[in-house]
Each structure stands twice: as C-alpha cells, then as structure tokens.
Amino acid sequence: MKPAGSHSVTWRGRRISAVVPHRLSQQRLDIEDGVAEACIAASTRLSLTAEVVPPDFATLAQLMARHEALASSYIESISAPILDVVLPAVTQLSRSINDAVDTVRFVRTNHDRDLSVDMLLDWHVRLMKSTPLAREHLGRLRDEQGWIGGTSPVEASLVTPPPNLVPALVDDLVVFANRVDIEPVLQAAIVHAQFELIHPFADGNGRIGRLLVDWVLSRRLGLVAPPGISSVIVGDIGGYLSGLTLFRIGDLDAWVSWFASVVTRSSQRQLGLVQAIDELKARWRAQLLARSDSSAWNTLSLIPRHLVLDSRVVAAELGISPRAALSALEALRESGILEEHSRPIGKGRPSRLFVSSELLALVDVF
C-alpha cells in the first residue's frame, strides 16, 4: 500500500502541507498471509457469535446498538449519565447521544442497498442534528480546510485533504465499500481508516467512520446485531491512533492486524453480554417467585427489550388495562427488579417510568 501523499495549500497566507491518501482504486491492497488469516478468523468468529445469540434478536440488537453508540461517543469525549440517555431527552447533550443511538440503529437496519454519498450525508444529519455544529455544515462535505489536533493547521498533528479533493476521495471510498470481492473484516478496516484520513465532514468524522464499520460488517456478513468495535477501542485508544498512523504511512498489515484483533475481542464481549443477560433474567425470576401476579411475570418478559417501561407500553404489549399494567410495574419495583423515575413529558403530570439499574449497568460494563 502506498503511503499517503502531501499537497501544498495556503491557509491564511501561510503555506502548509496537507496529507492526501491515494484513491483506493489506484492501490494494491495486498496483506501478509498471517494477517489475512486473522481477518478470516475474525469474520468466522462474528458469524459463529451470531448463531448463538438469543432468539429475541430485537432485544440484543437494541442493547448492542445503544452500547456501540455510547462507546463511540465516549471516544470523542462525549458522555452523559446513563439515565439521561435512556429516559426521555431533557438536555442538548442527552438528545445528542440519543441521536447517536438512533443513528446506529438506523445504519444497522438499512444495509440492503449500496452505499452512496447521499447516504453518508443522511447519516451525518441524523447523528449531528442536536449538536452545536453550525446548521450549514449538517449533511454536507466540508468546504473548508480541516485538521486534527491544535488550534490551527499550522500546529496540527494532521492536516486533512483540501476541500476541493474531498468529493473525489469520498466517491472512490464509496465504490470500494460496495465491493463484495474483499474479505469483510479487511474491507471494514480499510474503509474506516481511509475515511478518517479523508475527514470529509466539519465534525463527527470519528463516529461516522465507525458507523461505516458497522455497515460493512452488517452488509457483508448478514448480521442483525453486530458487536460494535468502539467499546474495545475505548480501552486502547493509543493503539487505535497508532494504527491509523501506520495506515497513513502505508503499513496496511499493522493496521489490519490490530483491527482484526479488535473485531475478535468485540465478539467475545458480545457473548459475555448475552451470558450476563441470561444470568440477570434468572435472578429476576428468582426475585419474583413469591408473587403469583401473572401480569408481573408477563411484564418481566418485556425486559430488556424495553429499557424504559411505563404503563402505556406494558398495556399495549400485554393487552391489559393501564391500571393493571401499572400494578405489574409496581410489583416489579417492590421486588427490587425495577426502579421508578419521573420525567416531564409535555404538559400535565410527569410520567412514571421504570428501568432496571442492573440492565443499564451491563450497558456500561460491557
């Protein structure tokens, strides 16, 4: 693989050197046999993990999407209390993270057609609409010089390609992402690293780049609930940044090897989450043994499919009256399974919302 080139640009009367990756269509992307084997092993692990997840895919898919969005946002130093994330949004920060969760879900369930630039722009709007980013930058490729680190490109750790080169680089990336003749983990690794070098948006590039990993793996391997890589990256941000630097200087093997190990570890974490949820469900059943209320037992089955429950949700799911639903929720609260929180939703009396703190803790831990 060729090292990224440089391009001289003028920024406020000063000459600076921007890093410009070569188009993927113009490169040989060969990797060593050992690295290729690691990619195949990681893809195989993803497929095997998918076969042993619970039959209720919706539950796991929801948890994994939320988990990935939280971890990906955390990499960008964006975080909020877990209750603010799952309960109705009340601040710009919590709305922003909820947008991130919704965007991950959207990307993971909309991979049945080829990627396009318009799709990337749509993802950007969905992800960034509640952030402080200026409206003119939403869903648009940047038209200004970008950089990473420092207060200006003069002192930046990396100066990204000049804006006039960005559209062609993104077009090339999209073509590569749609190929089906490349090993999936290898393809995801290259797509992500190339996207980060291009840095096509004014903000949100890291999170969009990791969404691309989700999209590639979901599309190529037919995954309903892919284990997100962000939770592993959070624990090795140094390795992540070093790997992207190695990719930039042309060491494809080193970057892909590290990336394949991250995918493998993320699969292991997903299996751990599945096991932890099963153990939690067993503990809940034991806590509820003293009660004969069938509505309470039936409501138990709605967790963790609904991270937040109220009487309306339970009534609609179980076909019972709101009063009976509220009684069931109170029974689960008295048994120590749920906790009650009140949040204002529009006008009138605050809604009584019920969550499992143990389940929310799993999202944080895993």
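A few points about this structure:
- When peptides 333-341, 3-11, 297-305 are ranked by their average number of other Cβ atoms within 10 Å per residue, the highest-first order is 297-305, 333-341, 3-11.
- Relative packing of 189-201, 18-30, which averages over residues the other C-beta atoms within 10 Å, highest first: 189-201, 18-30
- Packing, as the average of other Cβ atoms within 10 Å across residues, places the peptides 206-218, 257-269 in the order 206-218, 257-269, highest first.
- About its Cα centre, the stretch 169-308 has a charge dipole of approximately 700 debye under the convention of +1 per Lys or Arg Cβ and -1 per Asp or Glu Cβ, with nothing else charged.
- Net charge contributed by nearby residues that have their C-beta within less than 9 Å of PRO163 (K/R +1, D/E -1): -1
- Computed over the Cα atoms of the chain, pair by distinct pair, the Kirkwood hydrodynamic radius stands at 22.1 angstrom.
- Size of charge dipole - the chain - debye, nearest 20, with Cβ of Lys, Arg +1 and Asp, Glu -1, no other charges: 900 debye
- Considering only GLY146, LEU24, VAL180, the residue lying farthest towards the positive end of the dipole of the chain is GLY146, judged by Cα position with unit charges set on Cβ.
- Highest-fluctuation residue, VAL355, VAL154, VAL125 considered, GNM on the chain with Cα pairs under 10 Å: VAL154
- Within the shell of other residues whose beta carbon sits under 14 angstrom from the beta carbon of HIS199, the net charge comes to 0, with Lys and Arg scored +1 and Asp and Glu -1.
Every number in this text was worked out from the coordinates using simple rules, so none of it is lab data. Because the structure is a prediction, the values reported are computed rather than measured. Cβ sites come from the backbone with ideal geometry, for glycine too, and all protein chains shown count toward neighbours.
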